[in-house]
Number of protein chains: 2
Amino acid sequence: MNIRFYNARILTMEQGCDLIRGELWTKGERIAYVGPEKEAEPGTVWDEQIDCQGNVLMPGFKNAHTHSAMTAMRSFADDMPLQEWLNTRIFPLEAKMTEQDNNDLTKLAILEYLTTGVTAIFDMYLSPKDIAQACIDMGMRCVLVSGLNKFGPSVKEMENRYLSLNRLHPLISYRMGVHAEYTCDRGLLEEVSGLIHQYRAPLFAHLSETELETRECVERYGMTPPRFFDSLGLFDFGGGGYHCVYFTEEDMDLFAKKGLHIVTNPGSNTKLASGIAPVGRFLEKKINVAIGTDGPSSNNCLDMFREMFLVTGLAKLLQKDAAAMDAREVLAMATVNGARAMGLADADILAEGKLADLILIDLHQPNMQPLNNIVKNIVYSGSKQNVKLTMINGQILYRDGRFAGDVDPEAIYRKANEIIARLAG
Amino acid sequence: MNIRFYNARILTMEQGCDLIRGELWTKGERIAYVGPEKEAEPGTVWDEQIDCQGNVLMPGFKNAHTHSAMTAMRSFADDMPLQEWLNTRIFPLEAKMTEQDNNDLTKLAILEYLTTGVTAIFDMYLSPKDIAQACIDMGMRCVLVSGLNKFGPSVKEMENRYLSLNRLHPLISYRMGVHAEYTCDRGLLEEVSGLIHQYRAPLFAHLSETELETRECVERYGMTPPRFFDSLGLFDFGGGGYHCVYFTEEDMDLFAKKGLHIVTNPGSNTKLASGIAPVGRFLEKKINVAIGTDGPSSNNCLDMFREMFLVTGLAKLLQKDAAAMDAREVLAMATVNGARAMGLADADILAEGKLADLILIDLHQPNMQPLNNIVKNIVYSGSKQNVKLTMINGQILYRDGRFAGDVDPEAIYRKANEIIARLAG
């Protein structure tokens, strides 16, 4: 598809948050032009020319930590602390989930991602090939990450997935990862470290999400989770952590020194009462911070606008400083920083040659007016309702509240309800 | 208009959050029937019959504290602490606002209220008759409250407004109020107290919003703001406070004893780094707690879904308890408790004879599926995008993303941009 977006404000995110007026062209899955109004070459055939009506074209949001298929358990077991919630409600259900369930439930999450302008996800969950298939079928870009732990998969299986899923499809890549320190024993982590070194691969994990997790790790190993992982060589080739609420200054220094990424999950940390991550301090230490929703059963929604407001709002509360965490930093976290953490160097900014993963933000809605500061409007008063169009890999997947192609949302909703009825029955 | 809503889930909010299946009829501005599917009397003529497709009819949200016309200053001066923000950026602009500006800017806010399902506002701002006119013109229910302070209006003027605006129009009522302790001197508050006693009227004010305000009041008068107000007899006939972040146990006991209302404003308190109100403790003390967005220049959006999530999320963080502040309590705050605080006894629940102020929540969207717990879905994963229809006083004002009647949103946006350009110029 060759598409011309014209009459747009464009937030390329190439250098900070400056807006330009002009147009953007796509050719196949890539961006062919971004810049001021321009005549196309004679003979150019457009599949569509879209008048953006002064609305904002920007890179799509990168949801840098999620467990998509947990849609089944949305509002199923709320208002419980993390460990109790996992052990008594979530793990028993997950034990009954089939691969097909995983595929169907990921599709429900993808619908929601499209409505909130997410163009790539960093997804850790059971049976990654089924997640991958759902993403391929629906056109979502997905970086899979292993959630290996003592219940599975084996290190050998992770290796096989690493080799096969990374070459499966242009939309799909796969990263090595473990669920968390508290679900892996030392021997297993050492084995993972062997594989990390064999492939010179980065590693990702839930890290220091709760005070309990962090304290118990220190009791067990005399080290915080990040330092313990580092002592095993798990971060020798990069990677990073999800949540990172209870990071010490030393943990941050380690992350800064090794160029590791932090994915903050404020919605989940708030709803599970896990705490407030010191994101302002991370930035002072020059750590790359991205944003994730976490799974829909702990958040409970997959809405990057909620997350962006929480990132800045909670930083302001924590630092007792209304000037903390400017909107521009938050918008970078939700887009380019996420792409960096996920290894999507080609899907980060809007520029010629980059992948066409972009969204159109509707300014013609009351919450976006007046136009005193469009970036602050997006972060402080924006809503998923402002997402007018979501394009991934050059394909328009969502537009004016409707899903493109032959996607049947009602069939996906029906399936999700059937699955949870069976699992909980 | 006689409208029949059928095939609905109905959250009457009459007793807790139980859902019934059935239908709801309106006759003029009131609800004529709520209950199971039923045949209408022979000869009944419907202006419209609406198939709700299993979606949720519920009372509209009550935005129990706002300054609507501050839409002009949305994203105009962010990232500053409250006092500096007021003194250096907001007050100088407000000094230049005309009555017509106030009317035009209120209209912009009303558009936004309709998109988020707000059917009544408790609005404190300059020139209330112009706010009232905007509300009448656009069909919004509005309880005006005086923001009297040492710069105006006079107590005499407040009295005149009390007498005239309370009889202006069925959609409009007017409450006595003062801006805050720190913007009124003692003599003025004593004069207000005289009027309160003359009319046996409740009084509302910003109370204990910041630590600084609370500390300075204690230094000045040896009492916290609520106790100082009470010592002057200002709460002898009810009323309550907005924000109430730095409430002591004694302040809460006073509120409980006198049946005063608290309106919590978590979005604003977060963005201005004011702090987290102890809402869980308020509930333990059996104080009626309602929710407000505060003005769009401190929040910066007027979205009751964001506020609801923040009420529960911040309570969970503050109390370090994921079970704190169940979704049902939050939904009551956003609806019936707000009506109670605002004196809207006739617009609180969905029941025969009540005013038809209601909204339709779309469950046919991915963030509302599966239907494990609809109330939790609304509070934990709901979004303004789920508001399919907003009806006030029996009139459908917003439906499927469009404003009813001859409302011209683009003209309202243009006007708001012109006004801020002039005020800031």
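Read-outs: derived from the displayed coordinates by stated rules, not from any lab. The model shown is predicted, which means the values in this text are computed figures rather than measured ones. Here Cβ is always computed from backbone atoms with ideal geometry, including for glycine, and neighbour counts include all displayed protein chains.
Sorted from shortest to longest, the distances between the A:GLU14 label points of this copy and the other copies are 6.3 nm, with each point 7 Å from Cα along the line through the beta carbon. For chain B, B:CYS17, B:CYS52, B:CYS184, B:CYS217, B:CYS244, B:CYS301 have no disulfide-compatible partner, since no other Cys C-beta lies under 4.7 Å from theirs. Note on A:ASP406 and B:ARG402: with the Förster distance fixed at 22 Å, the Cβ-Cβ geometry gives a FRET efficiency of about 0.20.
Which pairs in the list A:LYS62/A:LYS258; A:LYS38/A:LYS107; A:LYS150/B:LYS376; A:LYS107/A:LYS316; A:LYS150/B:LYS384; A:LYS107/B:LYS271 are over 30 Å apart, alpha-carbon to alpha-carbon?
A:LYS38/A:LYS107; A:LYS150/B:LYS376; A:LYS107/A:LYS316; A:LYS150/B:LYS384; A:LYS107/B:LYS271
Principal-axis analysis of the Cα atoms of chain B puts helix B:409-424 at an angle of about 10° to the longest axis. Copy-to-copy label distances for B:GLU41, where each label lies 7 Å from Cα along Cα-to-Cβ, are 7.5 nm in order of increasing length.
Among the residues of A:265-275, the average count of other protein chain beta-carbon atoms within 10 Å of the residue beta-carbon is 4. Compared with the direct C-alpha span, the chain from A:ARG200 to A:ARG167 gains 10.2 nm at full extension, assuming 0.36 nm per residue. Between the helical axis of B:128-138 and the longest alpha-carbon principal axis of chain B there is an angle of about 10 degrees. Compared with the dominant Cα axis of chain A, that is its longest principal axis, helix A:249-258 is turned about 60°. Put simply, when A:212-223, A:51-62 are sorted by average Cβ atoms within 10 angstrom per residue, most first, you get A:51-62, A:212-223.
Using 1/(1 + (r/R0)^6) with R0 = 45 angstrom and r between the beta carbons of B:LYS129 and A:GLN49, what's the FRET efficiency to the nearest 0.05?
For B:LYS129 and A:GLN49, the calculated efficiency is 0.40.
If only the Cβ of Lys and Arg carry +1 and only the Cβ of Asp and Glu carry -1, the dipole of chain B around its Cα centre is close to 200 debye.
Computed over the stretch A:3-90, relative contact order equals 30 percent, with contacts defined as Cα pairs under 8 Å that lie 6+ residues apart. Highest average first, the peptides A:266-277, B:74-85, B:240-251 ordered by how many other beta carbon atoms sit within 10 Å of their residues are A:266-277, B:240-251, B:74-85.
Taking a ≥ b ≥ c as the square roots of the eigenvalues of the Cα gyration tensor, the stretch B:61-342 is classed as rounded, since a/c falls below 1.5. For A:ALA40, project a label point 7 Å along Cα to C-beta. Then give me every residue of the stretch A:384-409 with its amide nitrogen under 17 Å of that point. The answer is A:394-396.
Measuring from each Cβ of chain B to the axis carrying B onto A, the nearest residue and its distance in whole Å come out as B:GLN385, 2. Of the peptides A:395-406, A:349-360, the order by per-residue mean of other Cβ atoms within 10 Å, starting with the highest, comes out as A:349-360, A:395-406.
Within the stretch A:396-419, what residues put their amide N at less than 14 Å from the label point 7 Å along the Cα-to-Cβ vector of A:THR98? Counting backbone N atoms under 14 Å from the label point, the list is A:415-416, A:418-419. Using the Cβ-Cβ distance between B:ALA351 and B:PHE237 with R0 = 35 Å, the FRET efficiency computed as 1/(1 + (r/R0)^6) comes to roughly 0.80.
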